[in-house]
Amino acid sequence: MTLQTSIGASAEDFVADAGLARPKTSAKSDIRIPALDGLRGLMTLFVILSHFYGEVPHGFGYACVGWTAVLVFFVLSGYLVGRLIIEKMEARNFLSVFYLRRVCRTFPTYFSATLAILGLLWLIGDARWLDSDPKFPVWSYLVFVQNYFLVHLESPGAHWLSPTWTLALEEQFYLVAPFLLMLTPRRAWLPLMIGLSLASLGLRCWGVLRGDLSLAPIALLPTAADVLLAGMILAVLVKDDVIDWNKYALHVRLTPILCMLATFVVQRFDGGVVGPRFEIFGPFLMSIGAAAFILTLVKGAPEAPRFEGRVLRFFGQISYSVYLTHLAVLGLMHGLILGGPPDISTPAQIAVTTAAFPVTVLLSWIMTRLLEEPITEWGRRHRWVS
């Protein structure tokens, strides 16, 4: 789910008065922002915490933070893809190299993990400890349309593969994102994307109130566009340098906090549970907060060093494989060892769940080193031609 976290040196403004430090610049056109790798790593840990200790029958409610991670992943993808398009769209071979690199980055790990999990589900068959949700057609996972089945059947499908709807949504986004900027005059980028974001919010409102989006209101690209476009809008603002960040640095740093508080208030209006107001406005508010927080990291705010540690960056590095495999590892270990679905109501279940974490990390590290990194590096050998 990631791109190289790089940023053009021309966008690295210094906001000394507000405590924002200038990142180190480079003679190269792109430099890496380690804090974005760390942010991805933290969100990966949020997903593990939520699925292992929150979203199980006897889980802890405060551990259900996976939805926050998904929204941050979406905004981060929108920002990084937007940056890449803006910087490279003038290349003569832009589209071919862009899509080739996307395929090399996402397809090998995705298809390896998905096919392996489908094979395991077929071998296990009707074991009583497997979930009984309606299964999606195998071909839907192979062509990245499982998110449509999720909405149509009001089911996440095979539980071990349930996170893949987010990857399907991102692949659909990658298909259209370049043309959104390439076919639009530069002066119209921001008005167009803001208009599309508001239209997406309106569609989500219509779908939720009609009851057509009862399970995942942001599972479809038209109703999730505001979240992904929040990242692209940020990319345009940073790259075009249209705002005096020195003047508004404090506002930017406060925005994530205010958006989280606003989201909490919206949830209170729904009675403290996930309700229509939260489903409509929660993603919109949190995507704005996530974009503002990503901006603080890009600008080198005091928060940035906290995300540059080796542990968080390590989890950021293996995040894609972790995301694809963690539910299968957890479910398989509980099924084979305890003969039941994942839960944490007994010491034995807690022990198995805890043991599933290092197993997931080891498997994901192996997949990253042997599969993801070599093929991604091969894709990067295809250079942009001016």
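The values are calculated or read from the model by the stated rules, or taken from the named source; none is laboratory data. Small disclaimer: the values here were computed from a predicted structure and weren't measured. A quick note on method: Cβ atoms are made from the backbone with ideal geometry, for glycine too, and the neighbour counts reach across all protein chains shown.
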(message) Please count how many residues of segment 181-220 are free of Cβ contacts under 8 Å to residues at least 12 places away in the same chain and surrounded by 13 or more Cβ atoms within 10 Å (Cβ to Cβ).
(response) 3
(message) Given the criteria within 28 Å of residue 101 (Cβ to Cβ) and touching a Gly at 6+ places or on another chain (Cβ under 8 Å), does residue 307 qualify?
(response) yes
(message) Please determine whether any residue of segment 323-339 is of a type in the set (Phe, Trp, Tyr) and under 17 Å from the mean Cα position of the chain (by Cα).
(response) yes
(message) Please return the ranges of helices (runs of 4 or more DSSP H) entirely within segment 93-171 where 1 or more residues are in contact (Cβ under 8 Å) with a residue 60 or more places away in the chain and surrounded by fewer than 21 Cβ atoms within 10 Å (Cβ to Cβ).
(response) 94-124, 146-153
(request) Scan segment 204-250 for residues that are among the polar types (S, T, N, Q) and assigned to a helix (DSSP H, G or I) and jot them down. (result) 223, 246
(message) Need pairs with beta-carbon distance below 8 Å; first residue assigned to a helix (DSSP H, G or I) and within segment 254-276, second surrounded by fewer than 13 Cβ atoms within 10 Å (Cβ to Cβ) and at pLDDT 90 or above; sequence gap 6+ or separate chains.
(response) 276/209
(message) Give me the residue from segment 339-366 that is free of Cβ contacts under 8 Å to residues at least 60 places away in the same chain and crowded, with 17+ Cβ neighbours inside 10 Å and, out of that set, farthest from residue 109 (Cα to Cα).
(response) 349
(request) Assess whether residue 56 counts as being in contact (Cβ under 8 Å) with a residue 12 or more places away in the chain, aliphatic (A, V, I, L, M), assigned to a loop (DSSP other than H, G, I, E, B) and within 30 Å of residue 214 (Cβ to Cβ). (result) yes
(request) Please state which of the following conditions residue 30 fails to meet, knowing it meets all the rest: (1) surrounded by fewer than 22 Cβ atoms within 10 Å (Cβ to Cβ); (2) under 29 Å from residue 197 (Cα atoms); (3) at pLDDT 95 or above. (result) (3)
(message) I'm told residue 271 meets every condition in (1) within 21 Å of residue 51 (Cα to Cα); (2) over 22 Å from the mean Cα position of the chain (by Cα) except one. Can you identify the failing condition by its number?
(response) (1)
